[in-house]
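We did not get these values from a lab; they are worked out from the coordinates using the rules stated. Predicted, not measured: the structure shown is a model, and the values here were computed from it. Here the Cβ positions follow ideal geometry from the backbone for every residue, glycine too, while neighbour counts run over all protein chains shown.
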Amino acid sequence: MKKKWRTVEPYIWILPSIILMALFIILPIFYVFKMSVSEVSKAGLIKGFAGLANFTKVLKGAAFGLVLKNTVIWTVAVVGLSTLLGFILAMILNNKFHGRKIARAIVVFPWATTLVIQASAWNFIINTDYGTLNTLLLRLGIIDHAVNWTPTAGAYFAWEIACGIFVTIPFVTFTVLSGLQSIDSSYYEAATVDGANFWQKLSNITIPLVRPSLTVATVLNIIYVFNSFPIIWTMTKGDPANHTDTLVTYLYKLAFYNGKQGEAAAVSVIGFLILLVCASVYMVSTLRKEDK
């Protein structure tokens, strides 16, 4: 009896988690997939099977190619640059210096603040008429008149990327920092005795031992940034003419502005599949490197 209980007990303990995952993750995903291949009314009622009609309409749409390109640029730029800058910042904060605790507290502020507030603050900073950036530069005498920092959709999109990087750096920094603090100092001492320089220590000790933390941070970052809605929506709402839209803001417009919930579900499925492939490829390639 005790043997049977010990065999069943772990499954009993994880049963609540499985039920919650089924209710709030698996069922919604199934429903979105069902909507993507169904004819859906503006009220959200499923009328019948539509096959791949929703996917065909989305892929043939004039805006989809632009939105997909924006999503790729947004994800690669934010994840890539925030990972690089976060890693450098983690290396700095891992050193002992006066005021290190205060510096760490300051770094976490952008991450602790909601994305809507951050995006609103950045909109205020770059505003042509009353923005703090123009005010500061005018008072310093660097410029003699207010500059329009968002003359084109591309410029506005670049500012959104900058905001995304700014709010993502703290997450990478503290994830990498946790990995750095777990490295035994004896490795560096031995390398110093052998005459290794900073770059040799970085490539042969730091990066290999921090790679697991960096892998987790990167995969989660790809998922979070790819699905990020508040920054784009708060700053531009994807305007003008979808030039700053990503897949998430685009499907929101399709579902709630245009009443095309079937097509919105199709965009959601496409995004899900892209994320699944990218995250899987990255994880597999990283784990293979670790095995070697």
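What to note about this one:
- Search result, residues across segment 34-61 that are touching a strand residue (DSSP E or B) at 6+ places or on another chain (Cβ under 8 Å) and not in a helix (DSSP H, G or I): Val37, Ser38, Glu39, Val40, Ser41, Ile46, Lys47, Gly48, Phe49, Ala50
- Scan segment 247-271 for residues that are over 14 Å from Leu52 (Cα atoms) and among the β-branched types (Val, Ile, Thr) and the total you get is 2.
- Residue, surrounded by the most Cβ atoms within 10 Å (Cβ to Cβ), within segment 62-104, restricted to residues that are assigned to a helix (DSSP H, G or I) and among the basic types (Lys, Arg): Arg104
Residues are listed down the side, and each one gets a yes or a no for (1) in contact (Cβ under 8 Å) with a residue 40 or more places away in the chain; (2) touching a His at 6+ places or on another chain (Cβ under 9 Å); (3) more than 20 Å from Ile231 (Cβ to Cβ):
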site: Ala119; (1), (2), (3): yes, no, no
site: Asn127; (1), (2), (3): no, no, no
site: Tyr130; (1), (2), (3): no, no, yes
site: Asp184; (1), (2), (3): no, no, yes
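- Just one of the listed residues (Trp149, Trp199, Trp159) is aromatic (Phe, Trp, Tyr) and closer than 20 Å to Ile88 by Cβ, and it is Trp199.
- Remark: pairs (first residue in segment 30-45, at positive phi; second residue surrounded by 11 or more Cβ atoms within 10 Å (Cβ to Cβ); Cβ separation under 8 Å; 6+ apart in sequence or on different chains) = Gly44/Gln261.
- Pairs with Cβ under 7 Å, 6+ apart, first in segment 252-278 and part of a helix (DSSP H, G or I), second charged (D, E, K, R): Leu254/Lys260; Leu254/Glu263; Gly262/Glu39; Glu263/Lys57
- Top-ranked residue of segment 1-51 - restricted to ones that are in contact with an Asp or Glu (Cβ under 8 Å, 6 or more places away or on another chain) and surrounded by 11 or more Cβ atoms within 10 Å (Cβ to Cβ), ranked as nearest to Val269 (Cα to Cα): Ala50
- Contact map, segment 11-26: first residue over 17 Å from Phe272 (Cα atoms), second residue surrounded by 10 or more Cβ atoms within 10 Å (Cβ to Cβ), Cβ cut-off under 9 Å, separation 6 or more or different chains; pairs are Tyr11/Ile18.
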